[in-house]
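K.L.:
The structure's right below; bear with me while I get my questions together.
The values are calculated or read from the model by the stated rules, or taken from the named source; none is laboratory data. Note that the structure is predicted; figures quoted are calculated from it, not measured. Positions of Cβ are backbone-derived with ideal geometry, glycine not excepted, and every protein chain shown enters the neighbour counts. Just the protein is used for accessible areas: all its heavy atoms, side chains included, with ligands, DNA and RNA removed. Shrake-Rupley method; radii C 1.70, N 1.55, O 1.52, S 1.80 Å.
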Amino acid sequence: MKPLKSVEELENLRRRAQRRLAEQEKKIQVKVHLGTCGISSGANKVLEAFIREVEARKLLDVVVLRAACIGICGREPVVTVIDPRNGKVIYCELDEHKVPQIVEEHLVKGKPVKEWTMDLDEPWFKLQEIRIMHNQDLDPLDIEQYIARGGYQALAKVLTQMKPDEVIDEIRKSGLRGRGGAGFPTARKWGFVRSAPAVEKYVVCNADEGDPGAYMNRAVLEGNPHSIIEGMAIGAYAIGNVRRGYVYVRAEYPLAIETLSHAIAQAREYGLLGKNILGTGFEFDIDIFPGAGAFVCGEETALLQSIEGRRGNPRQRPPFPANIGGGLFGKPTTINNVETWSNIPQIILKGADWFASVGTEKSKGTKTFCLVGKVKNTGLVEVPLGTPLGKIIFDIGGGIPGGKKFKAVQIGGPSGGVIPAEHLNTPVDYEAVTALGAIMGSGGLVVMDEDSCMVDVAKYFLQFTRDESCGKCTPCRAGIPKMIEILEKISRGEGTIEDLDTLTELAEMISTVSLCGLGQTSPNPVLTTLRYFREEYEAHIIDKKCPAAVCRALFRSPCQHTCPVGLDIPGYISLIKEGRFAEAYKLIKRRNPFPSICGRVCHHPCESKCNRAQIDEPLAINDLKRFVADYALEQGIEYVPLVKERKKERVAIIGAGPAGLSAAWDLAVEGYQVTVFEALPVAGGMLAVGIPEYRLPREILRKEVQEVEKLGVDIRLNTPINDIDSLFKEGYQAVFIAVGAHRGVKMGIPGEDLRGVYDAIEFLKEVNLGKEIQVGKKVAVIGGGNSAIDAARVALRKGAEEVHLFYRRERKDMPAIAEEIVAAEEEGIHFHFLTIPTKILGRDGKVVGLECVRMELREFDRSGRKTPYPIEGSEYRVDIDTVIEAIGQKPDTSFLERSGIKLGRGGVVAVDRRTLATDREGVFAGGDAVTGPCTVIEAIAAGQRAASSIKRFLQGKKLSPLVERDSYEPIDIPSQPPSEEEIKEKARVKAGKISMSERRTSFKEIVFSYTPEQAREEASRCLRCDLEGE
Amino acid sequence: MFCCPETIRDECPAFKYRNLPCWQIEGTYCKLLDYGQRGDSTDICWVCQVYKRYGNGEPIEIKHFGKGFNRPEGAISYAGRIFKEIQEVIDRTRGQAGAIIPVLQHAQRLIGYLPAPVIKTISRDLKISLSEVYGIISFYHFFSTVPKGKYVIQVCMGTSCYVKGGQRLLDAFKKGWGLEPGMTTADGKFSLETVRCLGCCGLSPVMAIGSDVHRKVKASELRDILTSYP
């Protein structure tokens, strides 16, 4: 190919190339995307398979092409097929074995294989604005394809039609800001270099992209290399006196280096680089300089040092690189990021206004982001600046996989920070992100869920910056290891609250005094995690707990650590495995007095942290616990703790729910005289009147409550307490308020006083107490929590023909336990999402219908869920004869009105979170009465915490934030780690269930207990995480 | 013993006469690398890991002569070839400022690491002081002054891979192979390293072996992956 000597020749070439492309577009095009990720997933094999098949079948109307990566990283290998009949079809997750079928059905017969295609209407595609990534479907090794799409036209334009100052003006008008992270206005930087009085200047492209989690530059280097070359040439012209440019590519990108080298060679061949470009006399050439594995070389002065063949130590500024003495080899230099350069040709060609047509006022244009981490759709996305974070993560990204909760998104790499759920509405632009304490950086977005520990994340980033610190200046070199020391201390459980102040002080000092950007921004992860997740740090320090179960030194196994009661789960599972059921029962019972209950109704946070989930499924810890408890009941095995020497103090507990009863148990074991006052005719709280019998049989509950009474606890039913003072007058020295949250929240819509409208808790209570209650034929339940599901399933069993549940958000937002929702669906309950009732319609004082309105989700609220808004004009009516309201519960603390005890929002009792002490001496509170509706196991844990505080109080000691427990007589726990066989993939053992017809018509318990063989089999799946690290 | 590339091992008498202490053999590859030497200079042995580990402090002197290969006259040994190539690279880039880093990269790619004699040669020819050259080598992660294994395993510890369980891979290597980052297996086959982001974050956790990039790697798959490398 002879070099192009004029703009006319370029134009002719473009027309020829366009014609070629048009001819190609008449055929069926198969584009195989070959980025690094694609190749590592086998894309080359897919390419070969297509070539083979097409050749073998002599399909002359099919052309197989190489293309670059289009950013659908999580589902590589990706292939785009464009044919005149079906238009564009994108296949994902292909392998060579799928190719013959695609060739046969799609290429030959014209019917795409739907099960392997992507839906082009899904938000991933629809919400993106492709500008920078617009050439990714071309073959990067063919310069003529780039030219056909208008490549090098911009260069031709500036060389023949624009003066250098006009070029800079156009860039200034566009509002382009540096895409490397700092966001400095590009035109201004170029202006500085242009006005520096020197006859030799340089343009440099920073392709070091060291931020872990960011690889958008790599995609452009591998996919659209000519845009960088053209951009740099335009920049060289605009600045003037620039004859040479460098691209500093990190060594970890071999394919990018190869592709770019090829592109540069081709550009030279076509006369678009070198002397006398396009016959205009303009001279410019580019060299690639590979990095050698130093993150700090992404910092501009360190990068220049590296090109000059030195250690990458940043330089003191001034002089800035744009000035004399500060740039490459001392000459004025502009260093810009890959994406910045890549934007230039399009700005020149399509105009500054086009570029500025998207974005916010100060941040114009689009930006590519690498959406990675705990998100369903990982990959490269391009959106206008100003797009809300939540939209990128949840709408485009599909949200968090595995049913886990979003915790934070890390933006900007190690120089950036974490952004929590409450800021998901933040538009992603330079100013907004900086205001939150982070930086945009190159645009890496790493999504983290509840399994990431923020202390650990801060430590991780600091370890990175410590390793990459060049060592030149003291605050960075000596300061970062000091911060790590403190964080390690905290992760080991040895931290103090003062450490957090020291950490902050250090962080602020380092960010102010460090020489370069690496040091200045290195404390950002610490500062942002401290700002938004301070309670997590405090949990490590005060409670010696890592809520995400990551900091290994604080726990033996994640399940035990997550259990609010701290039950030794691997302990009893290993005993079950060996058939030592009685000992397993003892091990559980001495820590959790209600194993039979918990084994049935606990929401099992332990299972959500079970490491076995990485192999197949988490252990069925609930079922195992239930098996042991039922076995003990069957066999008459009892565990009666040794009650200590009887003490004279008396403790009053208000409420015989799980919190009250577990506090009673612990205090009774200590020897105190405990009286539990219960207003209802039955003990158990929500266990008795909230949870239906098919989940928790009465008999089981009664048995476990009896064991509390056997310790000498006096439970007085039908005895409400109206006045705390009377208890003290009667001679009690301490009071524990555990009244739960039984008062239903009203919806506040017209018609609530009609006959046939119930509050869910009232409804469940009446049924559980055996009272007669009228349930109509068509029942509506409003709400999405456990009481809503319980009420719906009970209504069914009480004879309703149809039960409809109305929830204002989506299924995935429902707070109810997942298995309960599934069970309700199985039993035929109809779910209606994104809708709420606005009016209950009645006739003759009875319910006849419900007027509802549909909801749409808009911005995020502080919990990270989208806020529903009614859609105007979408009202509709349903025929209903019974309405059960289950939108929330509050505690009934009216009896505390004159006691002087402070109440919080919604009537909950205000207490110190850790000691559970109210502001009145001797009065403690815990459970749902303090937290609002929560779970059984957390109430039990609260009861134990209260008992520990009451004990200290009665002994005259200062209260402690930690729960004190006596040591137990040791049980010899097996210490055999699992065998190779036991680690192999194996599904959970499923317990048997009663038939569906029995389920819908009776209150019989649905799930059977394991048999001993089933229990031992399931127990053998335990990985014994508690044995590691010993 | 040392994990030199196979082509070197084919020629080096230290490999052929494994029962003898290599520092006592004339003409071993390491000694030949020293620019212009005949193979009897033991300078390198004093700082060599092998001697330090097995030498027990005994005085180093050549005891076994003539064990070098008989090479036909005029033929260049593998070591010589390497040297020639490095020399060419140096000549090509000598005028350029900043040539040192590409030259070091080239040498590292050829040999697998940077032995002291090579460093000395580069320093001498590019007229950069040895301390400055060592300063550059020790600054950049990519340069190594110790040989690596036949295959270098790079476990990515970038943010995405870390969040998606990259640490578990390192734990598995420690548990199953006794390997920690920076170490090489006893048979010289695999070296383990951590790398900060290979840029394939969409497919975390990522592990590279040589130029192969493995994605969504599970700890249970490691054994199969490693055995697939001959």
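K.L.:
Got at least one residue in region A:360-370 being open to solvent by 20 Å² or more (accessible area, probe 1.4 Å), out of contact with any Pro (no Cβ under 9 Å at 6 or more places or on another chain) and outside any strand (DSSP E or B)?
P.N.:
Yes, some residue in region A:360-370 is open to solvent by 20 Å² or more (accessible area, probe 1.4 Å), out of contact with any Pro (no Cβ under 9 Å at 6 or more places or on another chain) and outside any strand (DSSP E or B).
K.L.:
Follow-up question, since we're still on this one. Only one residue in A:Gly38, A:Gly74, A:Gly42 is farther than 26 Å from A:Gln128 by Cα, within 14 Å of another protein chain (Cβ to nearest Cβ) and either modelled with pLDDT under 90 or open to solvent by less than 80 Å² (accessible area, probe 1.4 Å) (or both), so which one is that?
P.N.:
From the options A:Gly38, A:Gly74, A:Gly42, the qualifying one is A:Gly42.
K.L.:
Follow-up question, since we're still on this one. Mind checking which residues of region B:90-121 are farther than 19 Å from B:Ser138 by Cβ and either within 16 Å of the chain's Cα centre (by Cα) or open to solvent by 10 Å² or more (accessible area, probe 1.4 Å) (or both)?
P.N.:
B:Asp91, B:Arg92, B:Thr93, B:Arg94, B:Gly95, B:Gln96, B:Ala97, B:Leu110
K.L.:
Kindly evaluate A:Thr521 against the criterion of being farther than 30 Å from A:Lys362 by Cα, of a type in the set (Ser, Thr, Tyr) and open to solvent by 10 Å² or more (accessible area, probe 1.4 Å).
P.N.:
So A:Thr521 fails the test.
K.L.:
Moving on. Could you please give the count of residues in region A:459-500 that are more than 12 Å from chain B (Cβ to nearest Cβ), in contact (Cβ under 8 Å) with a residue 60 or more places away in the chain and closer than 30 Å to B:Ile136 by Cα?
P.N.:
1
K.L.:
Any residue in region A:200-227 that's more than 10 Å from chain B (Cβ to nearest Cβ) and among the charged types (D, E, K, R): show its pairings with residues that are buried (at least 24 other Cβ atoms within 10 Å of the Cβ) and part of a helix (DSSP H, G or I) at Cβ separation under 7 Å, as long as the two are six or more apart or on different chains.
P.N.:
A:Lys201/A:Val193; A:Lys201/A:Ile239; A:Asp208/A:Cys297; A:Asp208/A:Gly298; A:Asp208/A:Leu303
K.L.:
Among the candidates B:Val163, B:Val213, single out the residue that is at the interface with chain A (Cβ under 7 Å from one of its Cβ atoms) and more than 28 Å from A:Ala549 (Cβ to Cβ).
P.N.:
After ruling out the rest, the residue left standing is B:Val213.
K.L.:
For region A:269-299, give me each residue that is over 27 Å from A:Gly180 (Cβ atoms) and either within 14 Å of another protein chain (Cβ to nearest Cβ) or among the hydroxyl-bearing types (Ser, Thr, Tyr) (or both).
P.N.:
Passing the criteria: A:Tyr270, A:Thr280.
K.L.:
Something else now. Which count do you get for residues in region A:777-828 that are farther than 21 Å from A:Gly932 by Cα, open to solvent by 20 Å² or more (accessible area, probe 1.4 Å) and in a loop (DSSP other than H, G, I, E, B)?
P.N.:
Counting residues in region A:777-828 that are farther than 21 Å from A:Gly932 by Cα, open to solvent by 20 Å² or more (accessible area, probe 1.4 Å) and in a loop (DSSP other than H, G, I, E, B) gives 6.
K.L.:
Any residue in region A:302-326 that is within 14 Å of chain B (Cβ to nearest Cβ) and assigned to a helix (DSSP H, G or I) sitting within a Cβ distance under 8 Å of a residue that is open to solvent by less than 60 Å² (accessible area, probe 1.4 Å) and aromatic (Phe, Trp, Tyr)? List the pairs, counting only those 6 or more apart or interchain.
P.N.:
A:Leu303/A:Tyr248; A:Ser306/A:Tyr248; A:Ser306/A:Phe289; A:Ile307/A:Tyr246; A:Ile307/A:Tyr248; A:Ile307/A:Phe289
K.L.:
May I ask you to list the residues in region A:85-104 that are closer than 22 Å to A:Asp121 by Cβ and exposed (fewer than 15 other Cβ atoms within 10 Å of the Cβ)?
P.N.:
Here is the first cut: in region A:85-104, the residues closer than 22 Å to A:Asp121 by Cβ are A:85-94, A:102.
Selection gives A:Arg85, A:Asn86, A:Gly87, A:Lys88, A:Glu93.
K.L.:
Among the residues of region A:960-982, what is the count of those that are surrounded by fewer than 17 Cβ atoms within 10 Å (Cβ to Cβ), touching a helix residue (DSSP H, G or I) at 6+ places or on another chain (Cβ under 6 Å) and free of Cβ contacts under 8 Å to residues at least 40 places away in the same chain?
P.N.:
The number of residues fulfilling the criteria is 1.
K.L.:
Shifting gears a bit: Does B:Ser160 count as crowded, with 22+ Cβ neighbours inside 10 Å and among the hydroxyl-bearing types (Ser, Thr, Tyr)?
P.N.:
yes
Rundown of residues vs (1) facing chain A (nearest Cβ under 8 Å); (2) without any contact (Cβ under 8 Å) to a residue 60 or more places away in the chain; (3) not in a loop (DSSP other than H, G, I, E, B), yes/no style:
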{"residue": "B:Asp125", "(1), (2), (3)": "no, yes, yes"}
{"residue": "B:Ser131", "(1), (2), (3)": "no, yes, yes"}
{"residue": "B:Tyr134", "(1), (2), (3)": "no, yes, yes"}
{"residue": "B:Phe142", "(1), (2), (3)": "yes, yes, no"}
{"residue": "B:Val146", "(1), (2), (3)": "no, no, no"}
{"residue": "B:Val217", "(1), (2), (3)": "no, yes, no"}
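K.L.:
Then there's this: Does A:Lys957 qualify as being touching a residue at least 60 places away in the same chain (Cβ under 8 Å), out of contact with any Gly (no Cβ under 6 Å at 6 or more places or on another chain), open to solvent by 50 Å² or more (accessible area, probe 1.4 Å) and part of a loop (DSSP other than H, G, I, E, B)?
P.N.:
Values: touching a residue at least 60 places away in the same chain (Cβ under 8 Å): no; out of contact with any Gly (no Cβ under 6 Å at 6 or more places or on another chain): yes; open to solvent by 50 Å² or more (accessible area, probe 1.4 Å): yes; part of a loop (DSSP other than H, G, I, E, B): yes.
Against the criterion (touching a residue at least 60 places away in the same chain (Cβ under 8 Å), out of contact with any Gly (no Cβ under 6 Å at 6 or more places or on another chain), open to solvent by 50 Å² or more (accessible area, probe 1.4 Å) and part of a loop (DSSP other than H, G, I, E, B)), A:Lys957 does not qualify.
K.L.:
Within region A:228-242, identify whether any single residue is in contact (Cβ under 8 Å) with a residue 60 or more places away in the chain and within 11 Å of chain B (Cβ to nearest Cβ), and answer yes or no.
P.N.:
No - not one qualifying residue is present in region A:228-242.
K.L.:
Considering (1) farther than 24 Å from A:Gln976 by Cβ; (2) in contact (Cβ under 8 Å) with a residue 60 or more places away in the chain, say which one A:Arg590 fails and leave the rest.
P.N.:
Evaluating A:Arg590 over (1) farther than 24 Å from A:Gln976 by Cβ; (2) in contact (Cβ under 8 Å) with a residue 60 or more places away in the chain leaves (1) as the failure.
K.L.:
Residue check: is A:Ala198 open to solvent by 10 Å² or more (accessible area, probe 1.4 Å) and either modelled with pLDDT of 90 or more or assigned to a helix (DSSP H, G or I) (or both)?
P.N.:
When the stated conditions are applied, A:Ala198 passes them.
K.L.:
Moving to a separate point now. What is the residue count in region B:172-230 for residues that are out of contact with any helix residue (DSSP H, G or I) (no Cβ under 7 Å at 6 or more places or on another chain) and within 19 Å of A:Val372 (Cα to Cα)?
P.N.:
Counting residues in region B:172-230 that are out of contact with any helix residue (DSSP H, G or I) (no Cβ under 7 Å at 6 or more places or on another chain) and within 19 Å of A:Val372 (Cα to Cα) gives 5.
K.L.:
Another question, then. Considering only region B:171-203, state which residues are part of a loop (DSSP other than H, G, I, E, B) and at the interface with chain A (Cβ under 8 Å from one of its Cβ atoms).
P.N.:
Residues satisfying the conditions are B:Arg196, B:Cys197, B:Leu198, B:Gly199, B:Cys200.
K.L.:
Restricting attention to region A:614-636, report how many residues are open to solvent by 50 Å² or more (accessible area, probe 1.4 Å) and either aliphatic (A, V, I, L, M) or assigned to a loop (DSSP other than H, G, I, E, B) (or both). Working first, answer last.
P.N.:
Just the residues of region A:614-636 that are open to solvent by 50 Å² or more (accessible area, probe 1.4 Å), to begin with: A:614, A:617, A:631, A:633-636.
Remaining after also requiring either aliphatic (A, V, I, L, M) or assigned to a loop (DSSP other than H, G, I, E, B) (or both): A:617, A:633, A:636.
So the count comes out to 3.
K.L.:
Taking B:Val206, is it open to solvent by less than 10 Å² (accessible area, probe 1.4 Å), of a type in the set (Val, Ile, Thr), at negative phi and away from chain A (no Cβ under 11 Å)?
P.N.:
no
K.L.:
Need the failing condition index for A:Asn44 against (1) over 30 Å from A:Leu371 (Cα atoms); (2) without any contact (Cβ under 8 Å) to a residue 40 or more places away in the chain, just the number.
P.N.:
A:Asn44 satisfies all of (1) over 30 Å from A:Leu371 (Cα atoms); (2) without any contact (Cβ under 8 Å) to a residue 40 or more places away in the chain except (1).
K.L.:
What number of residues within region A:165-184 satisfy the criterion of being in a helix (DSSP H, G or I) and either surrounded by fewer than 18 Cβ atoms within 10 Å (Cβ to Cβ) or acidic (Asp, Glu) (or both)? So that I can check it myself, show each step before the final result.
P.N.:
Taking region A:165-184 as the starting set, the residues that turn out to be in a helix (DSSP H, G or I) are A:165-174.
Narrowing the set further to residues that are either surrounded by fewer than 18 Cβ atoms within 10 Å (Cβ to Cβ) or acidic (Asp, Glu) (or both) leaves A:165-166, A:169-170, A:172-173.
Selection size over region A:165-184: 6.
K.L.:
Those residues that are open to solvent by 30 Å² or more (accessible area, probe 1.4 Å) and either touching a strand residue (DSSP E or B) at 6+ places or on another chain (Cβ under 7 Å) or not acidic (Asp, Glu) (or both), I need them from region A:474-486; list them, please.
P.N.:
A:Thr474, A:Arg477, A:Ala478, A:Pro481, A:Lys482
K.L.:
Would you mind finding the one in A:Thr280, A:Thr340 that is within 21 Å of A:Ile171 (Cβ to Cβ) and open to solvent by 40 Å² or more (accessible area, probe 1.4 Å)? Let's see the steps before the verdict.
P.N.:
Working: A:Thr340 fails: open to solvent by 40 Å² or more (accessible area, probe 1.4 Å).
The match here is A:Thr280.
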